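Participant: Questions regarding the structure given below will be posed in turn.
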Amino acid sequence: MDSNGTDTTTVYASEFSSGDISWVLASTALVWLMIPGVGYFYSGMARSKNALSLIMLSVISIAVVSFQWWLWGYSLTFSKTGGKFIGNLDNAFFRGVLGDPSIGSPKIPDLVFAVYQCMFAAITPALAIGAAAERARILPMIVFIFVWSTLVYDPIACWTWNANGWSFLMGGLDFAGGTPVHISSGAASLAYALILGKRQGHGKEDFRPHNMSNVVLGTAFLWFGWFGFNGGSALAGNLRAAMACVVTNIAASTAGLTWMLLDYRLERKFSAVGFCSGAVVGLVAITPASGFVGPASSVAIGFIGAIVCNFACKLKHLLDYDDALDVFAIHAIGGAVGDILTGIFAESYIAGLDGVTVIPGGWLNRNWVQVGYQIADACAGMSWSFVVTYIILFIMDKIPGLSLRIDPAKELVGLDEAEFGVAAYYHVDKIITVDPKTQEPQVVEQVSDIEKGKISAPSQLNNV
């Protein structure tokens, strides 16, 4: 036996599929890429003085959750002897997580399944903290990511995906994370926005995206990685995985075009923000359905999801809260729409493309009760996430050293400089004249932000 409690004399690999393992490991890398994609998307949507902080927070989420997942997150979610609500600590510290058939598929080992699921756990809080952009302190946010993953993500993922979970046993269908990832992060974002309050200047200043290139780049990373997010959730390189990739692409395309055209009717402009937001909504809405629906249904899911979420973005004005990046409208509402539409469009023959899965389907298969299961799962996930997140943040804000909101003066400077001590951009002002004899431009004076004292010099520049 080794230090992890694993029998080192056992010979592994004979019962596993190398092709399935390869596909799941490749999908792990694809989902990892989505996380900085979230950072770039959020960074472009924010103001320039907060751009770096949002990219860094997405990467920090990977680090914090990877440790939490090894410590006890995986065990609390996927222990094979867990309860209906949450698992146990049998696999804490990855004890016994090596070469036994995984709880997800007997064709891949525990270790492969564990690292793949770690990426889902890591991206979820990275999505949630978008609502706190431009005004939340970094240290409390890091603590929040760890605590929230333990108390919110792990239970919801357990009851959704663990074979012992109550929603799984009830018959709820969630192929790749409509409730554990999107509804939970969206509901948490609403709680974070309400606890923090509004940004300075909210309702008075025009908070426009500062860098559309970052938004498009982040969307591209997300779209690309989502093939591993949804396609990889088949846990095998089979026809069901291929169908999941196909419907993912179609839903994102349909939703992106739909949102862009909805904005065009008002602005008479083809909005890049609208297309990117719509594409993400399509990816969110198809997530729970991706292993259960065909191409035609994915068009409907992308179209309906874009319309509902486009109007849901107005909720922050109606209810007067400051969700800086529309996380609640896109992820919570989009995930709920996807969950419900899964109950309508799920088809048993699509799920059976892997040759193993048998489900009664949704309304298309005349299984009328399925929508009720989906609504129950979505409501439970949203309620648990919102209430527990609000309690976590309320308590943290009362603990010395963990106050959530940054000082007003530092908020004006921006989180990049105030919290990280370095900015995403350095601006240089030049005074240029034209030589009257040669007609060539000449630099008379050149002053950078560092020389003006607006920002401090990064350490690596001190030696130049």
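Participant: Can you spot a residue in segment 306-319 that is on the phi < 0 side of the Ramachandran plot, surrounded by fewer than 24 Cβ atoms within 10 Å (Cβ to Cβ), in contact with a Leu (Cβ under 9 Å, 6 or more places away or on another chain) and of a type in the set (D, E, K, R)?
Facilitator: Looking for residues that are on the phi < 0 side of the Ramachandran plot, surrounded by fewer than 24 Cβ atoms within 10 Å (Cβ to Cβ), in contact with a Leu (Cβ under 9 Å, 6 or more places away or on another chain) and of a type in the set (D, E, K, R), one finds none in segment 306-319, hence no.
Participant: Counting only residues that are over 14 Å from residue 302 (Cα atoms) and open to solvent by less than 20 Å² (accessible area, probe 1.4 Å), how many does segment 327-354 have?
Facilitator: Looking only at that region, the number is 7.
Participant: Working carefully through the options 75, 58, find the one that is modelled with pLDDT of 95 or more, within 24 Å of residue 224 (Cβ to Cβ) and assigned to a helix (DSSP H, G or I).
Facilitator: Residue meeting the stated conditions: 58.
Participant: Got a number for residues in segment 213-240 being under 15 Å from the mean Cα position of the chain (by Cα) and not hydrophobic (A, V, I, L, M, F, W, C)?
Facilitator: 5
Participant: Would you mention how many residues in segment 80-89 are open to solvent by less than 30 Å² (accessible area, probe 1.4 Å) and either among the polar types (S, T, N, Q) or in contact with a Leu (Cβ under 7 Å, 6 or more places away or on another chain) (or both)?
Facilitator: The number of residues fulfilling the criteria is 1.
Participant: Right, here's the next one. Conditions: (1) more than 23 Å from residue 36 (Cβ to Cβ); (2) in a helix (DSSP H, G or I). Residue 269 meets all but one. Number of the miss?
Facilitator: Of everything listed in (1) more than 23 Å from residue 36 (Cβ to Cβ); (2) in a helix (DSSP H, G or I), residue 269 misses just condition (2).
Participant: Filter segment 254-312 down to residues that are touching an Asp or Glu at 6+ places or on another chain (Cβ under 7 Å) and touching a residue at least 60 places away in the same chain (Cβ under 8 Å), then give me how many there are.
Facilitator: Of the residues in that region, 2 qualify.
Participant: Go through segment 90-102 and count every residue that is open to solvent by 50 Å² or more (accessible area, probe 1.4 Å), in contact (Cβ under 8 Å) with a residue 24 or more places away in the chain and closer than 23 Å to residue 18 by Cα. Full working, then the answer.
Facilitator: Taking segment 90-102 and keeping what is open to solvent by 50 Å² or more (accessible area, probe 1.4 Å), we get 90, 93, 95, 98, 100-101.
From what's left, in contact (Cβ under 8 Å) with a residue 24 or more places away in the chain: 93, 95, 98, 101.
Now drop any that are not closer than 23 Å to residue 18 by Cα, which leaves 98, 101.
Summing the residues that are open to solvent by 50 Å² or more (accessible area, probe 1.4 Å), in contact (Cβ under 8 Å) with a residue 24 or more places away in the chain and closer than 23 Å to residue 18 by Cα in segment 90-102 gives 2.
Participant: If you don't mind, another one. Just to be sure, is residue 120 open to solvent by less than 10 Å² (accessible area, probe 1.4 Å) and farther than 23 Å from residue 340 by Cα?
Facilitator: Values: open to solvent by less than 10 Å² (accessible area, probe 1.4 Å): yes; farther than 23 Å from residue 340 by Cα: no.
When the stated conditions are applied, residue 120 does not pass them.
Participant: Could you check segment 180-230 and list, in sequence order, the residues that are part of a helix (DSSP H, G or I), open to solvent by 10 Å² or more (accessible area, probe 1.4 Å) and more than 19 Å from residue 123 (Cβ to Cβ)?
Facilitator: 194, 195, 196, 212, 213, 216
Participant: Quick one: count up the residues across segment 269-304 that are among the small types (Gly, Ala, Ser), within 11 Å of residue 338 (Cβ to Cβ) and touching a Ser or Thr at 6+ places or on another chain (Cβ under 7 Å).
Facilitator: Qualifying residue count, segment 269-304: 4.
Participant: Also: For segment 103-117: of the residues being touching a residue at least 24 places away in the same chain (Cβ under 8 Å) and more than 21 Å from residue 355 (Cα to Cα), which is surrounded by the fewest Cβ atoms within 10 Å (Cβ to Cβ)? Spell out the reasoning first.
Facilitator: Applying the first criterion (touching a residue at least 24 places away in the same chain (Cβ under 8 Å)) to segment 103-117 yields 103-109, 112-117.
Restricting the remaining residues to those that are more than 21 Å from residue 355 (Cα to Cα) gives 112, 114-117.
On the way: 112: 22, 114: 23, 115: 19, 116: 24, 117: 26.
Only one residue tops the list, namely 115.
Participant: For segment 354-372, check the following and say yes or no: at least one residue is in contact with a His (Cβ under 8 Å, 6 or more places away or on another chain) and either at pLDDT 75 or above or over 28 Å from residue 181 (Cβ atoms) (or both).
Facilitator: Looking for residues that are in contact with a His (Cβ under 8 Å, 6 or more places away or on another chain) and either at pLDDT 75 or above or over 28 Å from residue 181 (Cβ atoms) (or both), one finds none in segment 354-372, hence no.
Participant: Could you check segment 366-411 and list, in sequence order, the residues that are part of a helix (DSSP H, G or I), open to solvent by 20 Å² or more (accessible area, probe 1.4 Å) and under 11 Å from residue 343 (Cβ atoms)?
Facilitator: Listed by number, the residues that qualify are 372, 373, 375, 376.
Participant: While we're on this one: Within segment 306-336, can you find the residues that are β-branched (Val, Ile, Thr) and closer than 20 Å to residue 385 by Cα? Write out each step before concluding.
Facilitator: We begin by selecting, within segment 306-336, every residue β-branched (Val, Ile, Thr); these are 307-308, 327, 330, 333.
Selection gives 327, 330, 333.
Participant: Go through segment 78-97 and count every residue that is on the phi < 0 side of the Ramachandran plot and not in a loop (DSSP other than H, G, I, E, B).
Facilitator: Counting residues in segment 78-97 that are on the phi < 0 side of the Ramachandran plot and not in a loop (DSSP other than H, G, I, E, B) gives 2.
Quick grid of which residues meet (1) assigned to a helix (DSSP H, G or I); (2) farther than 30 Å from residue 389 by Cα; (3) in contact with a Phe, Trp or Tyr (Cβ under 6 Å, 6 or more places away or on another chain); (4) of a type in the set (A, V, I, L, M, F, W, C):
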site	(1), (2), (3), (4)
99	no, yes, yes, no
105	no, yes, no, no
116	yes, no, no, no
120	yes, no, no, yes
123	yes, no, no, yes
126	yes, no, no, yes
131	yes, no, yes, yes
140	yes, no, no, no
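Participant: Say we look at segment 355-365 and pick out the residues that are of a type outside the set (A, V, I, L, M) and within 28 Å of the chain's Cα centre (by Cα); which of these is most open to solvent (accessible area, probe 1.4 Å)?
Facilitator: Within segment 355-365, the match that is most open to solvent (accessible area, probe 1.4 Å) is 357.
Participant: Scan segment 209-223 and report the pairs whose first residue is at pLDDT below 95 and whose second residue is among the basic types (Lys, Arg), with Cβ atoms within less than 9 Å and a gap of 6+ or a chain change.
Facilitator: 209/47; 210/47; 210/49
Participant: What pairs come out if I take residues in segment 402-427 that are without any contact (Cβ under 8 Å) to a residue 60 or more places away in the chain and over 12 Å from residue 134 (Cα atoms) and pair them with residues that are in a loop (DSSP other than H, G, I, E, B) and open to solvent by less than 60 Å² (accessible area, probe 1.4 Å) whose C-beta lies under 7 Å away, six or more apart or interchain?
Facilitator: 421/456
The values are calculated or read from the model by the stated rules, or taken from the named source; none is laboratory data. Because the structure is a prediction, the values reported are computed rather than measured. No Cβ is skipped: glycine too gets one built from the backbone with ideal geometry, and neighbour counts run over all protein chains shown. The protein model used for the area step is the full one, side chains on, heavy atoms only, and it has no ligands, DNA or RNA in it. Shrake-Rupley method; radii C 1.70, N 1.55, O 1.52, S 1.80 Å.
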